[in-house]
1. Of all residues in segment 1-46, which are over 15 Å from ALA114 (Cα atoms) and basic (Lys, Arg)?
2. Taking only segment 108-157 into account, find how many residues are assigned to a loop (DSSP other than H, G, I, E, B) and basic (Lys, Arg).
3. Please work out which one of (1) part of a loop (DSSP other than H, G, I, E, B); (2) surrounded by 15 or more Cβ atoms within 10 Å (Cβ to Cβ); (3) aliphatic (A, V, I, L, M) is the condition VAL40 fails and give its number.
4. Considering only segment 84-107, how many residues are in contact with a helix residue (DSSP H, G or I) (Cβ under 8 Å, 6 or more places away or on another chain), in a helix (DSSP H, G or I) and either over 30 Å from ARG230 (Cα atoms) or among the aromatic types (Phe, Trp, Tyr) (or both)?
5. So, in segment 309-341, of the ones that are modelled with pLDDT under 90, in a helix (DSSP H, G or I) and aromatic (Phe, Trp, Tyr), which residue ends up farthest from SER232 (Cα to Cα)?
6. Given the options TRP65, TRP59, name the one that is within 26 Å of ALA159 (Cα to Cα), without any contact (Cβ under 8 Å) to a residue 60 or more places away in the chain and not in a helix (DSSP H, G or I).
7. Quick test for you: out of LEU60, LEU74, LEU52, pick the one residue that is over 23 Å from ALA172 (Cα atoms) and not small (Gly, Ala, Ser).
8. Restricting to segment 202-226, and then to whatever is in a helix (DSSP H, G or I) and small (Gly, Ala, Ser), can you tell me which residue is nearest to ARG169 (Cα to Cα)?
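The values are calculated or read from the model by the stated rules, or taken from the named source; none is laboratory data. None of the values given here were measured: they were computed from a predicted structure. Cβ sites come from the backbone with ideal geometry, for glycine too, and all protein chains shown count toward neighbours.
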Amino acid sequence: MLTRTTALHVLSLVAARLLVTGLAWACGFGAVSDDDFARVTLSQAFAAVPRLDPTGTSWLPFPFWVTGAAMAVLGASLAVAKVVAVSVACASGIVLYAAARFGRVSAGSAWLGALLFTFVPVGVFTGAATVPELPTAALCSAALLLLRRDDAKAAWVAAAFVLPATLSRYEAWPVAACVVAGVVLAGVKDGTRAGLASRAGAIALACLGPIAWVLWNRHAHGDAFHFHARVSAYWFAWGGTTKGWGVLGPVQPLLVDGVLLGVSSAGAVYWGRGARRWRAWSVPLVASVGVVAALALAQITGGAPTHHPERSLLFVWGVGWVVVADLWPERGWNLWRGVWGGAVVA
């Protein structure tokens, strides 16, 4: 029965992603920016001549490895790139669902959290484009959710999620740092040398992406932080600012999502299942706040790891919706389901 339930949940998540992607395309959405087409072209180049660093720029390599490998097998066309993008978007919901289940969230709550994440507008459009923000956010959310557990197995799985994320987008790097901190904390709480030793490999795996990229930049460009200088310079070149209210401008698309998540969180607090249930989520929630703080600090100081803050914060909704779905009690469930079901349709 559990297998059948899981299969139904997975199929419904895939169907929901295909639905929102189809609606986005039907409404005329074609691309987020010219980056979409640049990424396709660079993936085509990788398919023709594979290289460790497909672009030779500040763009991280993992998305090009994935799309380029598919193009090498299926053909270097825009259609293949779009099929890969949609397939990865569908897999993103499944990854979030699987991480929640592995983090000891009930099947129904894990499914609901992943489903609500599917309808976040920023995720809808990035998932319908040939850019890596959605899968990166899903991987980051999955890694942070697993900090709910303090065993070595969960640490290894979280690190495995972090590795491709840190080789896809820079906003995943603070997530890796928080995962490492959470794993170290769990090892210290274990109270034994063996406990920390069993997690040492997971810590190394979580750090592998950023360390490898820094070393590669030192080798290829003579500057370990060449990528940072390039990204930051571009931010200012196209009009980015670190002063005044202009810093908040790119975050405006998140306001509607924030209201929905905020009201739902308030309901979870009001009808909550007790302090013990909340404490189980303390590490993932504190880690998420830490990541947001790190990204905000980087934005304010001009060291932004990305030019699109609204996309960098997409992981918050992956963590937030799963936590809310888990904490919401049976009492008031039908009312909540009806209200937010209508909101999703609207």
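1. ARG4, ARG39
2. 1
3. (1)
4. 13
5. My answer is TRP333.
6. TRP59
7. Result: LEU74 is the single residue among LEU60, LEU74, LEU52 that is over 23 Å from ALA172 (Cα atoms) and not small (Gly, Ala, Ser).
8. Checking each candidate, the answer is GLY209.
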